[in-house]
Amino acid sequence: MRGTVSTTVLVFLTYILFTGSLTPYDIVTGVIAAAVVGALVGRFLVKNDAKAFSPIRWVWGLAYFLWYFLVAEVRAHLDVIRRIITGKVEPGIVRVPLGVKDEYARALVANSITNTPGTVVVDVDGDFLYVNWISVATKDPIEAKKEICEDFERFARRIFE
Amino acid sequence: MKRLAGLIIVLLIVLTVSCYVSRMVPPQKNLHPLGEFYLQNSYFGRYSAKSPEAVTSIVWDYRGVDTLFETAVFFLAIIGSLTLFRLNKGQAEEAKRGEPKLELPGPVATVTKVTVAMILAVSASIALHGQLTPGGGFQGGSALAVAPLLIIAVYTKYALEKNGLDKTRAIIIRSIGLLGIALTALVPLLLGGYIMQNQPIFPAKALGVPLGGSLVFYNFFEYLAVGAGFTAVFLLLSIPEEKFRKFLGVRR
Amino acid sequence: MILLLWSFTLISLLATLVISVYGIVAKPNLVKKLIALTIFGDTANVLMVLLGYRLIYPVVPPILPSLSKTALGEFVKTAVDPLPQALVLTAVVIGMAVNVLIAFAIVQVHRLYGTVDARKVGEMLAAFGRGEK
């Protein structure tokens, strides 16, 4: 059964985190519930089990998590704070090409862009993202990509592709 | 402008009345004796339900028959909705004909898939910890019904039906839940107790936590019944409008 | 001050009840009637939960914090009344199911008559009864 085991692990972790305790009752019911959910929806979530359990990808994921919240977020926040104070905004929508193919990588890039202040993904059309940008520095797609999401894509490729 | 004036008048009336009343309402500092009885007895005492959660022990033990009949009302409301939208065999077949189609951008669908798995986990946790923490069958079932609703919104209802969750199956799961509740309620009668009485044959404690006797069974079955019942209704509600107009023979 | 806030909460809930009853009666649109009905039901539920509240500090939910008999006395002194909460709990889910039923009926009315205005539907039914159609 493709994807069952990895989905079971995800569901079990969610169950334990939501419950907030680790008695034998939680573990037994959690394993049963997770196995049922994993068998039901696992095949839709995971295409390749080896990829889901590869430790290098998990290390990259952790590194991305730390980098994103400690560096990328802080940088974007500072930039937006400066713009709020000086009032120097030029909002507009730019088209940015997306270099990753895997659906999880695409979701990660799109959500990372939306979650940083100053940029919001408004639509996805084929291999292009439409990004609402607080200050349109350039209309050239390649240049804009360098500014907005080049780093996200590099990490997403390492984690998911 | 007229609306704003009306709003201000209503607010002023409420404020004046509450100023006037505030000297007369007694400060509600004490428990009612009945509430105190439930708090004292839900885990300790002679009439205990063996559950630290007073609300769940009232719902499924002290006032169990109330809840049994409320479940009957729920059952009838769902049956009523299904009856309003009754289809014959050919129409039901046609309602199912269609291809799953992604209606929203790709990343939304990907995130939805992961979220659905997590919602299922959370709803199971709510339902199975009803006797320990806030939650229980009703709340867990309502959370469970969100998962098919999300799938219907993002992938259309045909995606659910293609993968085996159609209206008939949802109704079967719901019936299993209701049957479980009825059987658990009837077991005490065989042992000379009252209907829905929380008898010692149900486990009071297992795996290190109190189970509250029959509470855990009721919660689990109610979880299935509520979740699957709402799923059936959502599946019916999401049949496209054009198909329904055709079934009803309305030309407009 | 606490008493003023308390009575303000109660009176504004009662006012919401009155306004929602007005909405149910006065609005001809069936969907608006349903919205008013849900507001009515939810306000009634909030009022009921409020009946079990206690104006003390600290106040805790009715769940035993630990399974020892020593904590019971303190718990009973600070916990809110569990009975209204238990009654509301089932009422919420039943209310949702009944609302779904009414919403279904309204959708069906719209499909058959092409309108959700109660007056027009009434006229159409009357015309149908006289055999005009």
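Where a number appears in this text, it was derived from the coordinates with a stated rule and is not lab data. Just so you know, these numbers come straight off a predicted model, no measurement behind them. Cβ placement follows ideal geometry from the backbone for every residue including glycine, while neighbour counts extend to all protein chains displayed.
Which distance in Å, rounded to a whole number, links the C-alpha centroids of the stretch B:128-199 and the stretch C:1-33?
Going from one Cα centre to the other spans 34 Å.
Each residue of the stretch B:101-116 in order: what ³J(HN,Hα) in whole Hz does its phi give by Karplus 6.51 cos²θ - 1.76 cosθ + 1.60, θ = phi - 60°, with x for Gly and Pro?
Values, residue by residue: 9, 7, 9, 10, x, x, x, 4, 4, 4, 5, 4, 4, 5, 5, 4 Hz.
Do you know the relative contact order of chain C, to the nearest whole percent, from alpha carbon pairs under 8 angstrom that are 6+ apart?
Relative CO of chain C lands at 24 percent.
From the Cα trace of the stretch B:10-142, what convex hull volume per residue do you get, rounded to a whole Å³?
Given the Cα convex hull of the stretch B:10-142, per-residue volume reads 261 Å³.
For chain B, what's the relative contact order in percent, using C-alpha pairs closer than 8 Å and at least 6 residues apart?
Relative contact order, chain B: 22 percent.
Grab the DSSP H runs of chain B that are 4 residues or longer, score each as -39,500 (n - 2.57), total them, divide by all residues and round the 222 nm result to the nearest 500 deg cm²/dmol.
Roughly -21500 deg cm²/dmol at 222 nm, from the helical runs in chain B.
Please report, largest first and rounded to whole Å, the three semi-axes of the ellipsoid equivalent to chain A, where each semi-axis is the square root of five times an eigenvalue of the C-alpha gyration tensor.
Equivalent-ellipsoid dimensions as semi-axes: 36, 19, 13 Å.
Would the stretch B:132-252 count as rounded, prolate or oblate if I go by the C-alpha gyration tensor, calling it rounded below 1.5 in a/c and otherwise prolate when a/b exceeds b/c, oblate otherwise?
Taking the square roots of the gyration eigenvalues as a ≥ b ≥ c, the stretch B:132-252 is prolate.
With r defined as the distance between the Cβ atoms of C:R119 and B:R245 and R0 fixed at 22 Å, what FRET efficiency is calculated, to the nearest 0.05?
It comes to 0.40.
A:L62 versus A:E161, label points 7 Å from Cα toward the beta carbon: distance in nm?
Roughly 2.5 nm, to one decimal.
Over all pairs of distinct alpha carbons, what does the Kirkwood formula give as the hydrodynamic radius of the stretch B:175-225, in Å?
11.2
Would you list, by chain and number, the aspartates and glutamates whose Cα falls below 13 Å from the Cα of B:K162, excluding same-chain residues fewer than 8 positions away?
Partners within reach: B:E93, B:E99.
Just to be sure I follow: if Rg is taken over the C-alpha atoms of the protein assembly as shown and Rh is the Kirkwood radius over the same atoms, what is Rg/Rh?
Radius of gyration relative to Kirkwood radius: 1.01.
Among rounded, prolate and oblate, which fits chain B when a ≥ b ≥ c are the square roots of the eigenvalues of its C-alpha gyration tensor, a/c under 1.5 means rounded, and a/b larger than b/c means prolate?
oblate
For the stretch B:1-74, what are the per-bin percents of Cα-Cα distances with bins 5 Å wide, up to the bin holding the maximum?
3, 13, 13, 10, 9, 8, 8, 13, 12, 7, 3, 1, 0
When a/c reaches 1.5 or more, the comparison of a/b and b/c decides; with that in mind, is the stretch A:1-68 rounded, prolate or oblate per its Cα gyration tensor?
It is oblate, given that a/c is not under 1.5 and a/b is not larger than b/c.
Once phi is turned into θ = phi - 60°, what whole-Hz ³J(HN,Hα) does the Karplus curve with 6.51, -1.76 and 1.60 give for every residue of the stretch B:191-202, x standing for Gly and Pro?
Running phi through 6.51 cos²θ - 1.76 cosθ + 1.60 with θ = phi - 60° gives 9, x, x, 8, 5, 6, 5, 7, 8, x, 6, 6 Hz.
How much FRET efficiency would the formula 1/(1 + (r/R0)^6) give for A:I84 and A:V9, where r is the Cβ-Cβ distance and R0 is 45 Å, rounded to 0.05?
Efficiency for this residue pair is about 0.60.
Separation of the stretch C:84-133 and the stretch A:61-140 by C-alpha centroid, Å?
Answer, in whole Å: 46.
Going by amide H atoms built from the backbone, whose H comes under 5 Å of the H on B:A204, apart from near neighbours?
B:G213
If you average 1/r over all unlike Cα pairs in the stretch A:103-149 and invert the result, what Kirkwood radius do you get in angstrom?
10.9 Å is the Kirkwood radius here.
How high is the relative contact order of chain A, given as a whole-number percent (alpha carbon pairs under 8 Å, six or more residues apart)?
23
I'd like the Karplus ³J(HN,Hα) series for the stretch A:32-43: coefficients 6.51, -1.76, 1.60, θ = phi - 60°, whole numbers in Hz, and an x wherever there's a Gly or Pro.
Going residue by residue, I get 5, 4, 5, 5, 5, 5, x, 5, 6, 10, x, 5 Hz, with x marking Gly and Pro.
Among the lysines, which fall within straight-line cross-link reach of A:K145, defined as a Cα-Cα distance under 25 Å, with same-chain neighbours fewer than 8 residues apart omitted?
Once the sequence-local lysines are set aside, what remains near A:K145 is A:K88, A:K101.
For B:K101, project a label point 7 Å along Cα to C-beta. Then give me every residue of the stretch B:226-242 with its amide nitrogen under 19 Å of that point.
The answer is B:235-242.
Hey, rough spin-label estimate for A:F53 and C:L50, points 7 angstrom out along Cα→Cβ, what's it come to in nanometres?
Each label point is offset 7 Å from its Cα along the Cβ direction, giving 5.7 nm.
With axes computed from alpha carbons, what is the tilt in degrees of helix A:150-160 against the longest principal axis of chain A, rounded to the nearest 10 within 0 to 90?
Once rounded, the angle reads 20 degrees.
Output the direction-averaged projected area (hull surface divided by four) of the convex hull of the alpha-carbon atoms of the stretch C:1-108, in nm².
Computing the convex hull of the Cα atoms and averaging its projections yields 8.6 nm².
Roughly how many debye, to the nearest 20, is the charge dipole of chain B about its Cα centre, given +1 on each Lys and Arg Cβ, -1 on each Asp and Glu Cβ, and no other charges?
Rounded to the nearest 20 debye, it is 740 debye.
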